[in-house]
């Protein structure tokens, strides 16, 4: 039911319904404080990456030969490195690299997971058997070793890193989507859609994909921090983003290790930024997942039955007027 009877006038009143985005933000603030904090961190990361050119006080590779290894001060808020480059500016530009790689590689991995998982779960049979054996073989290789081998073959660069990370996590994550699709296929509405002659494309897009959004959101929220951390690990090993492009993982490697005790701020600030961002993305993803999943507290939007149930209870418990 989408309408509630008004006992005072006998009229039928439909509960006021906001847009999905407004409901999402409202419930996130009210019910998920850690998710709200994570959302703020994610928003700051995005804005920092987009407006890095305006926020950074210096260029990302601008050197000041007379100010090498300067501690944090009024002029250099986070200090300088061994070449006299401002660490605040490099951390800000490193946020842009994290945003680009995190969003692009995660989106690519989700697309690969959805395509492979949906086809395997929907088609089944020999197709599913053959593809899953390939996925098993892919997952047998240690993740970091596989990434390093692929990067060694393809070469270093931001687009190579995005493709390799998207492929690595996309194939592995297809099992989650496949399991969700197999569970959805057992429902009556899917059998009814196929019985009345719905095409395969319509069945997948209208009846299956909308009902696997919860695992997709979970995958996205868990994959993005993994992608950022993996890129940092690859850059730390010298096989990620090539210098002098500032990457948080690359900033932790090289000269930061050499001057660890002489200038600890060279490693502290990139490591702190990386930790805060990964924490924020995880908290924000968990909060959004809990709110959007219609099986958890009624969901939002068209699945917002919790609010309707409360409104009905209020109306039924209100005293009847003579």
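No lab work stands behind these numbers, since they all come straight from the coordinates. From a predicted model like this one, the values you see are computed outputs, not experimental measurements. Backbone-built Cβ (ideal geometry, glycine too); neighbour counts: all protein chains shown.
Please compute P(r) over all alpha-carbon pairs of the range 56-117, binned at 10 Å starting from zero, and give each bin as a whole-number percent.
23, 34, 16, 15, 10, 2
Could you calculate, for the range 154-211, the ratio of the Cα radius of gyration to the Kirkwood radius, expressed as Rg to Rh?
On the way: Rg = 16.7 Å, Rh = 13.6 Å.
Computed over Cα atoms, the ratio is 1.23.
Ranked highest first by average number of other Cβ atoms within 10 Å, how do 119-125, 170-176 line up?
Highest-to-lowest ranking by the protection proxy: 170-176, 119-125.
Got a sec? How would 202, 96, 194, 223 order by Cβ neighbour count within 10 Å, fewest to most?
Least to most surrounded, the residues fall as 202, 194, 96, 223.
To make sure I understand, if each residue's beta carbon is the centre and we count other beta carbons within 10 Å, what order do 277, 114, 22, 37 fall in, fewest to most?
22, 37, 114, 277
Across 5 Å bins from 0, what is the distribution of all Cα-Cα pair distances for the range 38-304, in whole percents?
For the range 38-304, the binned pair fractions read 1, 6, 11, 14, 15, 13, 11, 9, 7, 5, 4, 2, 1, 1, 0, 0 percent.
Over every pair of different alpha-carbon atoms in the range 124-223, take the mean of 1/r and invert it; report that Kirkwood radius in Å.
15.7 Å
For the range 64-178, what size does the Cα cloud have along each of its three principal axes, sorted from largest down, in whole Å?
Principal axes ranked by extent give 68, 24, 18 Å for the Cα atoms.
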